[in-house]
Amino acid sequence: MKMHVMVAEDEQLAMEELIYLLEKEPDVTLCPSAETGDQLVSLYLKHEPDVIFLDVHMPGMSGIEAAKQITQLAYIQPPLFIFTTAFDAYAVEAFEIEAVDFLLKPYDDLQFKRAMTRVNKRMESDETKVERHLKQQKSPTTTKLLIDDGDKMVVLSPDSIYYAVPFKRMLEIHTDNKVIESRMTLQELEKKLQGSTFFRTHRSYLVNLNHIQEITPWFNGTSNVTLRDKKQTTIPVSRAARKLLFSLFEINH
């Protein structure tokens, strides 16, 4: 199973050894590495790896703190974490955030292989859960929405919405003939539209699948969708969302 892997390690030799082991894995694509917890969070948002090997002790934000923050930021599902450290006292805290494995330094090739086996099993299990969820997608149940637009409330048909995106402190809801500026959050709108033809192509975009005209590849496994609106708006599709998006089209169309 193909997987994108990121390494977060502030010790150069430890990082090089781990990268060396990962480069020998046939199904691994390496993402840029991080040396601090803050850098890891930033790189995660850009590359969205499937798996992260991270040291518990790093300058500034610890590996465990970074993992907790990433878990909160993940909008589809968080990556799989494998912690590395020279101190086994942190094992319990690591597994509290459902780490796949905990490698105690110095670890050998056998321990590394064991961790990779666990990762592959978890990825297969998680993929099955996602596919099951997609197949259980229901037909739209919401026919009308009541949404605030400045000092008034407007009634919308979900099908009239092309996409929604946060802008400054408001939520822009783009319809076929106007842009509504609402005080609700993207998550709140997504919940209202649950079970309908809307999909989070990116953490900041909620898109109506019925208004997608085409999907084009971008870079690093990401894509763009072009909508059927007058502006032919282009919306980013993250690598994590791309496979789910294609699955939805196979199921619903």
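The values are calculated or read from the model by the stated rules, or taken from the named source; none is laboratory data. On a predicted model such as this, the values are computed, not experimentally measured, just so you know. Backbone-built Cβ (ideal geometry, glycine too); neighbour counts: all protein chains shown.
Descriptive notes on the structure:
- Only a single item in (1) free of Cβ contacts under 8 Å to residues at least 24 places away in the same chain; (2) assigned to a loop (DSSP other than H, G, I, E, B) is not met by Glu172, and it is number (2).
- Looking across segment 198-218, just one residue is farther than 12 Å from Arg242 by Cα and in contact (Cβ under 8 Å) with a residue 60 or more places away in the chain, and that is Arg203.
- Summed over segment 1-24, residues that are touching a residue at least 40 places away in the same chain (Cβ under 8 Å) and loosely packed, with under 15 Cβ neighbours inside 10 Å total 1.
- Residues that are under 22 Å from Thr175 (Cβ atoms) and among the acidic types (Asp, Glu) were ranked within segment 214-253; the one that is surrounded by the most Cβ atoms within 10 Å (Cβ to Cβ) is Asp229.
- In segment 47-76, residue nearest to Leu30 (Cα to Cα) [restricted to those that are of a type in the set (Gly, Ala, Ser) and surrounded by fewer than 16 Cβ atoms within 10 Å (Cβ to Cβ)]: Ala74
- Within segment 182-210, being crowded, with 20+ Cβ neighbours inside 10 Å and either in contact with a Lys or Arg (Cβ under 6 Å, 6 or more places away or on another chain) or at positive phi (or both) holds for one residue alone: Leu206.
- Within segment 112-143, the residues that satisfy the criterion of being over 19 Å from the mean Cα position of the chain (by Cα) and either assigned to a helix (DSSP H, G or I) or modelled with pLDDT of 90 or more (or both) are Phe112, Lys113, Arg114, Ala115, Met116, Thr117, Arg118, Lys121, Lys135.
- Scope segment 89-99; condition modelled with pLDDT under 70 and either of a type in the set (S, T, N, Q) or exposed (fewer than 13 other Cβ atoms within 10 Å of the Cβ) (or both); matching residues: Ala89, Val92
- Residue that is farthest from Asn210 (Cα to Cα), among those in segment 144-169 that are assigned to a loop (DSSP other than H, G, I, E, B) and either of a type outside the set (Gly, Ala, Ser) or not assigned by TED's automatic domain parsing to the domain that holds His202 (or both): Asp151
- The single residue among Gly195, Gly221 that is part of a loop (DSSP other than H, G, I, E, B), in contact (Cβ under 8 Å) with a residue 24 or more places away in the chain and within 13 Å of Leu245 (Cβ to Cβ) turns out to be Gly221.
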